[in-house]
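Novice: Questions regarding the structure given below will be posed in turn.
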Amino acid sequence: MISMEFPSLKSWFKGADNYPFIIAGPCSAESEEQVLTIADYLKTTGNVNLFRAGVWKPRTRPGTFSGVGVKALKWLQRVQSEYNLRVTVEVASPKHVEACLKYGIDVLWIGARTVSNPFSVEELSEALRGVDIPVLIKNPLSPDIDLWQGAIERIFAVGVKRIAAVHRGFSPFERTLYRNMPKWEIPIELRQRIRNLPVICDPSHISGRADFVPEIAQKALDLTMSGLMIEVHPNPSEALSDSAQQLNFDQFSSLMSTLIIRKSTIDDKGFLNQLEELRNQIDSIDFQLIELVASRMNISEKMGEYKFKNNVAVLQMERWMEILRTRTEHGTLRDLEPAFIERMMTLLHQESIRIQTAILNNLKTNKDHWSEE
Ligand code: PEP
Ligand code: MN
């Protein structure tokens, strides 16, 4: 366990003492009118602690909307003065930090791509040395908990104390149900390592689709995360970035009214008991196991088709013996009993054979059918 003392979100600024701590706003500030329309709506909900807007957008591909830049900081000043909302902006370089400080932005956030690069985090931390501003630190793109912890330590080391981690999921290697894999066991472990660190969930970037946002948000609250960061846009389908995942005003209001806040298994410090936390980690890993098994079966299907076209037998003994040998060897390296790995692989293999045989029969029937015509 790491000994770093973090003030709770409640003490970040006046009016931050409700639970959950809600950060909401558009993925990107697009125009002054858009920013003020959203602020006007969010103010009326009474739920929001912090207004978010991306001003410089880190885009995966060139040629896409990359934010309007410094001029949006003036729009955010209007959000502060006309709606009495605190505002947060993503910073990726010392220049961004300098501009945000100049315009009196209340809270900074460091995005997933920036946290992935220790050079950038180091530069940002130098720009923040001795500056008393709260900083949100998103998880890196890859599920590397040390990299996430390292970013928190680097920012903490220059004197920033008001820090919260933001869990926004991890880039999957293949398409999954959600845009980013939640891998809940990682933010749970981060909280185990750094006991009093507030962790906020960003269900918008995990889900990638507006209709998945509520279930992820609820899951985060069930895990007693400290708050939520949610993308809201007056007309998501017209949004210049992340259009599929932003909530419109009705969706945001209905989310706020349906979220269930559970307190039963929480200890007096606001944490789940250890058994609950371990169960949550197991749950998360089981769901990932099922996703992996599903990917394996998809490939089995493709093999079934290939074998049919090339007239290869479904079961090939040599290949199966090799699978057993290499998997039990690998299992041994990870302290797993060979007999257990053998049973597990046999189950997977049987299911794979069943799928391939079904495909073969199906294709055969179709072929007979076609040749009859
Ligand atoms: C964002 O919050 O709009 C954003 C770019 O997030 P992330 O860094 O998590 O991808
Ligand atoms: Mn976004």
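Novice: Compute the separation of the alpha-carbon centres of segment 199-249 and segment 94-148 and state it in Å as a whole number.
Specialist: 21 Å
Novice: State the extension gain, in nm to one decimal, for the chain segment bounded by Ala339 and Arg209, taking 0.36 nm per residue of separation less the distance between their alpha-carbons.
Specialist: On the way: separation 130, 0.36 × 130 = 46.80 nm, distance 4.21 nm.
Value of the extension gain: 42.6 nm.
Novice: Now a separate question. Which value, in Å², gives the accessible area per residue of the chain when a 1.4 Å probe is used on the protein heavy atoms? Walk me through the intermediate numbers first.
Specialist: Working: 19170 Å² over 373 residues.
Dividing the accessible area of the chain by its residue count gives 51 Å².
Novice: If you don't mind, there's one more thing I want to ask. Run the simple label-point estimate for Lys367 and Ser66 please: 7 Å along Cα→C-beta, distance reported in nm.
Specialist: 5.4 nm
Novice: Run through the DSSP bridge list for segment 31-181 and note the antiparallel percent, rounded to the nearest 5.
Specialist: On the way: 1 of 14 bridges.
Bridges in segment 31-181 that DSSP calls antiparallel: roughly 5 percent.
Novice: A further question on this structure: Once label points are set 7 Å from the Cα along Cα→Cβ at both Thr45 and Asn310, what is their separation, rounded to one decimal in nm?
Specialist: 5.4 nm
Novice: Next question, about the same structure. Can you tell me how much longer the chain between Arg78 and Thr37 gets when fully stretched, taken as 0.36 nm per residue apart minus their C-alpha distance, in nm with one decimal?
Specialist: Details: separation 41, 0.36 × 41 = 14.76 nm, distance 1.15 nm.
This chain segment gains 13.6 nm when fully extended.
Novice: Moving to a separate point now. Rank-order 84-94, 7-17 by packing density, defined as the average count of other C-beta atoms within 10 Å over each peptide's residues, highest first.
Specialist: Values: 84-94: 20.6, 7-17: 14.7.
The packing order, highest mean first, is 84-94, 7-17.
Novice: Excluding residues fewer than 8 places away in the same chain, name every one of the lysines whose C-alpha is closer than 24 Å to that of Lys302.
Specialist: The reachable lysines, counting only those whose Cα sits under 24 Å from Lys302, are Lys364, Lys367.
Novice: In whole angstrom, and with the biggest value first, how far do the Cα coordinates of the chain range along each principal axis?
Specialist: For the chain, the Cα spread along each principal axis is 75, 54, 42 Å.
Novice: Run the accessible area of segment 176-303 with a 1.4 Å probe and give the carbon-and-sulfur part as a rounded percent. Each step should come with its number before you reach the end.
Specialist: Details: 3370 of 6020 Å².
That fraction is 56 percent.
Novice: A further question follows. What is segment 1-130 by shape, rounded, prolate or oblate, if you read a ≥ b ≥ c off the alpha carbon gyration tensor as root eigenvalues and call it rounded for a/c under 1.5, prolate for a/b larger than b/c, and oblate otherwise?
Specialist: Note, shape of segment 1-130 comes out oblate.
Novice: Okay, next question. Tell me what the chain gives for mean residue ellipticity at 222 nm when only DSSP H runs of n ≥ 4 count, each as -39,500 (n - 2.57), the sum divided by the residue total, rounded to 500 deg cm²/dmol. Walk me through the numbers before you get to the answer.
Specialist: Numbers: 13 runs with 186 residues, N = 373.
That comes out to -16000 deg cm²/dmol.
Novice: Here is a further query. Report relative contact order for segment 48-146 in percent, whole number only (criteria: Cα-Cα under 8 Å, sequence separation at least 6).
Specialist: Values: 138 pairs, mean separation 23.6, N = 99.
Relative contact order, segment 48-146: 24 percent.
Novice: Of the trypsin sites (Lys or Arg not before Pro) in segment 294-372, which ones lie in a loop per DSSP and count no more than 15 other C-beta atoms within 10 Å?
Specialist: Working: sites: Arg296, Lys302, Lys307, Lys309, Arg319, Arg325, Arg327, Arg334, Arg343, Arg354, Lys364, Lys367; in loops: Arg334.
Passing both the DSSP loop test and the Cβ count: Arg334.
Novice: Which of rounded, prolate, oblate describes segment 214-373, given a ≥ b ≥ c as roots of the alpha-carbon gyration tensor eigenvalues and a/c under 1.5 marking rounded, otherwise prolate only if a/b is larger than b/c?
Specialist: Numbers: a/c = 3.64, a/b = 1.55, b/c = 2.35.
In terms of gyration-tensor shape, oblate.
The values are calculated or read from the model by the stated rules, or taken from the named source; none is laboratory data. Just so we're clear, the structure is a prediction, and the values are computed from it rather than from any experiment. Heads up, the Cβs are rebuilt from the backbone with ideal geometry, glycines too, and the neighbour counts pull from every protein chain shown. Note: accessible area is taken over every heavy atom of the protein model, side chains too, but ligands, DNA and RNA are not part of it. Shrake-Rupley method; radii C 1.70, N 1.55, O 1.52, S 1.80 Å.
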